[in-house]
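Take a look at the structure below.
The values are calculated or read from the model by the stated rules, or taken from the named source; none is laboratory data. A quick note: this is a predicted structure, and the numbers were derived from the prediction, not measured. Neighbour counts are summed over all protein chains in view; Cβ atoms, including those assigned to glycine, are modelled from backbone coordinates with ideal geometry.
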Amino acid sequence: MLNELNLDALMSSIDTLSNIYDSIRIINPITKKVYYFKSNVDEKVLDYAPCYKFWNNGKICENCVSMKSYNAETTSLKIEQKGKDTYIVMAVPLWIESEKVIVEFIKNTSDSLTLKDVENNLNLNLNSQIKDVNNALSIDPVTGAYNRNYLATRLPADIYNSAVNNYPISVIMADLDNFKYINDTFGHLAGDEALKVFANLAMMCIREDDWIARFGGDEFVIILQNTNKSNAIRVADRIRHTLENKKIFYNEMEINITASFGIYEIALDEVTDDYNKAIEKADIELLKAKKNGKNIVSAK
């Protein structure tokens, strides 16, 4: 059960912690709104810039610790980079006046997180290590597509943005056909190669603002921005057709793969609802495609 406070009590708590942390923010990770910001040099109420602007990013963070905390309803930690400085971010979910928000406690730990080579008087910057850690938290290591952690971070914000800007957004649920047969016949490494081929092919068939995540096993979720159902069908069929004509060679063995697709155009009134329901509806269509012969596209 989340802690519930009123705004005055929360402000009082923040005041007592302001000397410990460099910055403290109250945000809604779905809408990306900053309700309150306090740092060593500044204090603001309702900052209209999106929360990710703090990190000098022009896009949503790939590994949003606050979205993770929001979904899991538990405190989460993350290491983040801003310029030459390294920060630890602690995200804590709270209820304020019937709204779930995240309080971010941000601490600059550049000195303590810099490895010092005393003998050579060198400082080893951790930028690359931090990037590798954050990538590991959002990228599927087998296929290079995003993973379910990223899906849970990104999709709620995309649904919200589609409703606010009144543009359609569609989900494609894709599943490789007869994947168990590929693993059993050619081996699991061949199965991994089939997954890589599908992910790379799908990435080539979608636009820069669209994205794909490995949902689990041989299932993938593809999110199409500003795309209605009819156009999503065209995209899915393009991926399907390209895949069935693609020959995969693994250890001199030829493997032919196909995939089935389920499509759901997300209703705008689902913006405040559980994003998993949109995936479930796309999955229902995917099951129809499987039952109707595989290697086809189904949409409600």
Problem set entry | Residue satisfying condition, being modelled with pLDDT under 95 and in contact with a Phe, Trp or Tyr (Cβ under 7 Å, 6 or more places away or on another chain), within set Ile223, Ile159, Ile172 | Ile159
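So which of Ile223, Ile239 is closer than 20 Å to Ile169 by Cα, surrounded by 15 or more Cβ atoms within 10 Å (Cβ to Cβ) and over 21 Å from the mean Cα position of the chain (by Cα)? Let's see the steps before the verdict.
Numbers: Ile223 fails: over 21 Å from the mean Cα position of the chain (by Cα).
From the options Ile223, Ile239, the qualifying one is Ile239.
Among the listed residues Ile24, Ile20, identify the single one that is modelled with pLDDT of 85 or more and of a type in the set (A, V, I, L, M, F, W, C). Step through it out loud before you land on a result.
Values: Ile20 fails: modelled with pLDDT of 85 or more.
So the residue among Ile24, Ile20 that is modelled with pLDDT of 85 or more and of a type in the set (A, V, I, L, M, F, W, C) is Ile24.
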Exercise. Any residue in region 3-14 that is farther than 15 Å from Phe105 by Cα and either surrounded by 15 or more Cβ atoms within 10 Å (Cβ to Cβ) or at pLDDT 85 or above (or both)?
Worked result: yes
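Being at pLDDT 95 or above, among the acidic types (Asp, Glu), in contact with a helix residue (DSSP H, G or I) (Cβ under 8 Å, 6 or more places away or on another chain) and closer than 21 Å to Leu151 by Cβ is the requirement here; does Asp218 meet it? Full working, then the answer.
Values: at pLDDT 95 or above: yes; among the acidic types (Asp, Glu): yes; in contact with a helix residue (DSSP H, G or I) (Cβ under 8 Å, 6 or more places away or on another chain): yes; closer than 21 Å to Leu151 by Cβ: yes.
So Asp218 passes the test.
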Problem set entry | Options Tyr160, Tyr167, Tyr146, Tyr181: the member that is more than 30 Å from Thr31 (Cβ to Cβ) and aromatic (Phe, Trp, Tyr) | Tyr181
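Could you list all residues from region 59-78 that are aliphatic (A, V, I, L, M), surrounded by fewer than 20 Cβ atoms within 10 Å (Cβ to Cβ) and in contact with a strand residue (DSSP E or B) (Cβ under 6 Å, 6 or more places away or on another chain)? Please lay out each step first, then the result.
Of the residues in region 59-78, the ones aliphatic (A, V, I, L, M) are 60, 65, 67, 72, 77.
Next cut, surrounded by fewer than 20 Cβ atoms within 10 Å (Cβ to Cβ) only: 60, 72, 77.
Leu77 - this is the single residue of region 59-78 that is aliphatic (A, V, I, L, M), surrounded by fewer than 20 Cβ atoms within 10 Å (Cβ to Cβ) and in contact with a strand residue (DSSP E or B) (Cβ under 6 Å, 6 or more places away or on another chain).
Being outside any loop (DSSP other than H, G, I, E, B) and touching a residue at least 24 places away in the same chain (Cβ under 8 Å) is the filter here; which residues of region 252-268 pass it?
Pass one, region 252-268, residues outside any loop (DSSP other than H, G, I, E, B): 253-256, 259-265, 268.
Those that are outside any loop (DSSP other than H, G, I, E, B) and touching a residue at least 24 places away in the same chain (Cβ under 8 Å): Met253, Ile255, Ala259, Ser260, Phe261, Gly262, Ile263, Tyr264, Glu265, Leu268.
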Problem set entry | Subset of region 243-269 (residues that are surrounded by fewer than 19 Cβ atoms within 10 Å (Cβ to Cβ) and either within 26 Å of Pro156 (Cα to Cα) or within 23 Å of the chain's Cα centre (by Cα) (or both)) | Ala267, Leu268, Asp269
